[in-house]
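Trainee: Before anything else, here's the structure in question.
The values are calculated or read from the model by the stated rules, or taken from the named source; none is laboratory data. Since the model is a prediction, treat every value here as computed from it, not as a measurement. Glycine also receives a Cβ, built like all others from the backbone with ideal geometry; neighbour counts cover every protein chain displayed. Surface areas here come from the heavy atoms of the whole protein model, side chains and all, with no ligands, DNA or RNA. Shrake-Rupley method; radii C 1.70, N 1.55, O 1.52, S 1.80 Å.
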Amino acid sequence: MVEVISSERSEAVLAQVRQAVKQTPVYDVHTHLYDPAFGDLLLYGIDDLLVYHYLVAEGFRQFDLPYEQFWSLSKEQQADAIWDALFIKNSPISESCRGVLTTLNLLGLDVKKRDLKNVRKWFADWDKADYTNHIMEKANVGSICMTNSPFDDLERPVWEQGFDRHHGFTSALRIDPLLLDWQRTSESLAQWEYDVTPELSDKTIAGIRHFLEDWTRKINGKYLMVSLPPDFCYPGDSECARIMESAVLPHCRDHGLPFAMMPGVKRGVNPLLKMAGDGVSKACVTSFSHLISAHPDNNFLITALSRENQYELCVAARKFRNLHIFGCWWFTNIPYLINEITSMRLELLGLSFTPQHSDARVLDQILYKWSHSREIIADVLCDKYTDLMKTGWEPTPNEVQRDVESLFGGAFIKFCEPNAGESATAQFFRRQPEAVPGHA
Ligand code: HDL
Ligand code: ZN
């Protein structure tokens, strides 16, 4: 047997892996954050961190007050209730609670003092645009992809008015109402003077495509996206499947844009929890295989919500090179499952996937979501490179850097912009976010 690599060499490679994971800027391919130009839609600071719907759901497990009484409180009062229940009366051991503390710690605040009042004061001193650059630089997030919905009455006017875009934000066109609630959405499109009726005639399909053209151009969308219920099936004669097949996929093909599907969401399992009330259920991966197989000229992105779908999704990705899977989404974004899912993907797909996105709703969350994920991704990668080096194969420093860049957005960028390919990826990884003017 050939002499394997010495332990010194092996340690040196693993140190390069950890360095590359720590230092490589990441493209955060799915978030609910906004360009600072969207004003109050971009959430940040301790109160938004504490009333994040993940903590609201956990808070209600400790509260004994009625739902409506909590919802009648101010944001600061809600934050106080959550702080008291989940941080003081119980140790903040869940991933969402620990995340708040990781973020405060990375911002240089001493959480040992448990001084919520002082923490609030610290956040009050910042200007939003400066703070955005500061957080992106600290989190080493090179670019943030927004979730942009023409159906959001607060977001739409900002796009219609136009604004100077922050260089660190890209866009994705979110079309859930178009696919999942066509009857009501057809009224909105008609109001916006698109030539559509509730009946899916050829003329209406043309009107839907006109709408998709307009909004893809307006936001410069990098991909289109929809979150789908567990019972989505294809082939099928649902309005969702018909609009997808006759309008959305031809539109994506004509513009060379991937279509992102995010299956497994059971909306409103407990409506009393509002945004915190959604649940999860296993989706039918076979339907997605049928859809992808029937559309070889489309590119598809998928992140599934159910843990039980992850293995089938990996195998489906092995069958279709026009399928790129990404992220440990929502309830799977916990260390236990990030480790399991990322190991499975590396072993079944090599480097042809995107391990994580933050799904952040509050700007400061990218600090904890990426710090927690980088730690786990580094551990899993070190395991796999250790296994690799047992064969006598030794990756060079450049190859390790190349692999990490691919996982941290390079493969995703190439998948979204096949024609731009290497140049777009190279440009991303060599452009650093602007330094932050002033502030300690
Ligand atoms: O549908 C989605 O994109 C989900 O991410 C929901 O927005 C969900 O409420 C969420 O924030 N998950 O993290
Ligand atoms: Zn999301």
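Trainee: With the contact rule set at Cα under 8 Å and sequence spacing of 6 or more, what percent relative contact order holds for the range 175-325?
Mentor: Across the range 175-325, relative contact order equals 20 percent.
Trainee: Which of the GluC sites (Glu not before Pro) found in the range 158-233 are loop residues per DSSP with 16 or fewer other Cβ atoms within 10 Å of their Cβ?
Mentor: Those satisfying the criteria are Glu193, Glu199.
Trainee: Here's a follow-up. Starting from the Cα of Trp71, step 7 Å along the direction of its Cβ; do the same at Gln19; then give the gap between the two resulting points in nm.
Mentor: 5.4
Trainee: Quick one: which residues, 5 or more positions from His324 or on another chain, have an amide H under 5 Å from its amide H? H modelled 1.01 Å from N in the peptide plane, none for Pro or chain starts.
Mentor: Here the answer is Phe300, Leu301, Ile302, since their amide H atoms fall under 5 Å of that of His324.
Trainee: Considering only protein heavy atoms, what per residue accessible area in square angstrom results for the range 1-156 with a 1.4 angstrom probe?
Mentor: Roughly 48 Å² per residue, with all protein chains present.
Trainee: Follow-up. Can you tell me how much longer the chain between Arg217 and Ala426 gets when fully stretched, taken as 0.36 nm per residue apart minus their C-alpha distance, in nm with one decimal?
Mentor: That works out to 72.8 nm of additional length.
Trainee: Same structure, new question: With the cut-off at 1.5 for a/c, could you classify the range 356-420 from its C-alpha gyration tensor as rounded, prolate or oblate?
Mentor: Here the range 356-420 falls in the oblate category.
Trainee: Could you tell me the calculated FRET efficiency between Asn118 and Lys282, based on Cβ-Cβ distance and R0 = 41 angstrom, to the nearest 0.05?
Mentor: 0.35
Trainee: Within straight cross-link reach of Lys121, meaning Cα distance under 24 Å, which lysines are found once same-chain residues fewer than 8 apart are removed?
Mentor: Lys75, Lys89, Lys112, Lys113, Lys138, Lys369
Trainee: To continue, here is another question. Compute the length gained on full extension between Lys319 and Asp80: take 0.36 nm times their separation in residues and subtract their Cα-Cα distance, giving the result in nm to one decimal.
Mentor: 81.1 nm
Trainee: If the reach is capped at under 20 angstrom between alpha carbons, list the lysines near Lys414, excluding any in the same chain fewer than eight residues apart.
Mentor: Lys222, Lys319
Trainee: Under 1.5 on a/c is rounded, so check that first for the range 175-325, then, if it is not, pick prolate when a/b is larger than b/c and oblate when it is not; a ≥ b ≥ c are the square roots of the alpha carbon gyration tensor eigenvalues.
Mentor: oblate
Trainee: Working with all protein chains in place, sort Arg430, Arg18 by solvent-accessible area computed with a 1.4 Å probe, largest first.
Mentor: Arg430, Arg18
Trainee: Let me ask something else. Ordered by packing density, taken as the mean number of other Cβ atoms within 10 Å over each peptide's residues, highest first, how do 26-32, 368-374, 37-43 rank?
Mentor: Sorting 26-32, 368-374, 37-43 by mean packing, highest first, produces 26-32, 368-374, 37-43.
Trainee: Please list 3J(HN,Hα) in residue order for the range 207-215, calculated via the Karplus relation 6.51 cos²θ - 1.76 cosθ + 1.60 where θ = phi - 60°; whole Hz, with x for glycine and proline.
Mentor: Listing the rounded values in order: x, 5, 5, 4, 4, 5, 4, 4, 6 Hz.
Trainee: For Met146, list long-range residues whose amide hydrogen, built 1.01 Å from N in the peptide plane, is under 5 Å from its own amide hydrogen.
Mentor: Residues meeting the amide H criterion: Thr170, Ser171, Ala172.
Trainee: Turning to a different aspect of this structure: In the range 157-224, which chymotrypsin sites (Phe, Trp or Tyr not before Pro) fall in coil by DSSP and have 16 or fewer other Cβ atoms within 10 Å?
Mentor: Loop-located and lightly packed - Phe163, Trp192.
Trainee: Which percent, nearest 5, of DSSP beta bridges in the range 175-325 are antiparallel?
Mentor: Once the DSSP bridges in the range 175-325 are tallied, antiparallel ones form about 15 percent.
Trainee: How large is ³J(HN,Hα) for each residue in the range 166-173, as worked out from phi by the Karplus curve 6.51 cos²θ - 1.76 cosθ + 1.60 (θ = phi - 60°), to whole Hz, x for Gly and Pro?
Mentor: So the J values, rounded to whole Hz, are 6, 5, x, 10, 10, 10, 9, 8.
Trainee: Let me ask another. Starting from the Kirkwood Rh over alpha-carbon pairs, what translational D in µm² s⁻¹ does the chain have by Stokes-Einstein at 20 °C and 1.002 mPa s?
Mentor: Estimated via Stokes-Einstein, D reaches 93 µm²/s.
Trainee: Give me the percent of the accessible area of the chain that comes from carbon and sulfur atoms, probe 1.4 Å, all protein chains in place.
Mentor: That share works out to 51 percent.
Trainee: Would you calculate, for the chain, the mean residue ellipticity at 222 nm contributed by helices, counting each DSSP H stretch of 4 or more residues as -39,500 (n - 2.57) and dividing by all residues, to the nearest 500?
Mentor: -14500 deg cm²/dmol
Trainee: Now for a separate question. Would you list Lys89, Lys282 from the most to the least accessible area, probe 1.4 Å?
Mentor: Lys89, Lys282
Trainee: In addition: Among DSSP beta bridges lying fully in the chain, give the percent that are antiparallel, nearest 5.
Mentor: 10
Trainee: May I ask you to derive the relative contact order of the chain, considering only C-alpha pairs under 8 Å and at least 6 residues apart, and to give it as an integer percent?
Mentor: In percent, rounded to a whole number, it is 23.
Trainee: Using only protein heavy atoms and a 1.4 Å probe, report how much of Met275 is accessible, in Å² to the nearest 10.
Mentor: Rounded to the nearest 10, the figure is 100 Å².
Trainee: Classify the range 279-323: rounded, prolate or oblate, from the alpha-carbon gyration tensor (a ≥ b ≥ c, eigenvalue square roots; a/c under 1.5 rounded; otherwise prolate if a/b is larger than b/c)?
Mentor: In terms of gyration-tensor shape, prolate.
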